[in-house]
Amino acid sequence: MSETNRFDSKTVRSFILYEYLQGKPFEEAFENFRRTVGDDVISLQDFAFWFMQFSNGNMNVEFEIKSEILEEGEDE
C-alpha cells in the first residue's frame with residue numbers, strides 16, 4: 001500500500017476535525033497533521049477547506065463537496 005493511500009478521506013477529515021476541536025489555530029493544526037500523518041496526505045488548500053467547514057459549524061466528515069456544488073448550481 002502506498003503512503004498516500006493509507007487513509008481514506010473520511011479518516012483524514014476526522015483527523016482535521018480532531019485538530020479543530022482541540023482549539024488549535026489553523027497553522028498549528030496543519031503542522032500537527034503533517035507531522036502525524038505525512039506531507040503527502042492532503043494539500044494545504046484541502047486542509048483549509050475542511051478546517052473552515054468545521055469552524056463554520058459543519059462537523060459532518062461525510063459531507064461531499066461535489067453534491068453541494070451541484071445543488072448550488074441548480075438554484076441559479
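The values are calculated or read from the model by the stated rules, or taken from the named source; none is laboratory data. Remember, predicted model here, so these are calculated numbers, not experimental data. Ideal geometry is used to build each Cβ from the backbone, glycine not excepted, and the neighbour counts take in all protein chains shown. Areas reflect the complete protein model, heavy atoms only, side chains present, ligands, DNA and RNA absent. Shrake-Rupley method; radii C 1.70, N 1.55, O 1.52, S 1.80 Å.
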For the range 35-47, how many residues are of a type outside the set (V, I, T) and within 12 Å of the chain's Cα centre (by Cα)?
5
Long-range neighbours under 8 Å by Cβ, at least six apart or interchain, first residue open to solvent by less than 40 Å² (accessible area, probe 1.4 Å) within the range 51-63, second modelled with pLDDT of 90 or more and of a type in the set (V, I, T)
F51/I16; F54/I16
Could you please let me know if E76 is exposed (fewer than 13 other Cβ atoms within 10 Å of the Cβ), of a type in the set (D, E) and either part of a helix (DSSP H, G or I) or modelled with pLDDT under 85 (or both)?
yes
Residue, least open to solvent (accessible area, probe 1.4 Å), within the range 8-42, restricted to residues that are assigned to a loop (DSSP other than H, G, I, E, B) and charged (D, E, K, R):
K24
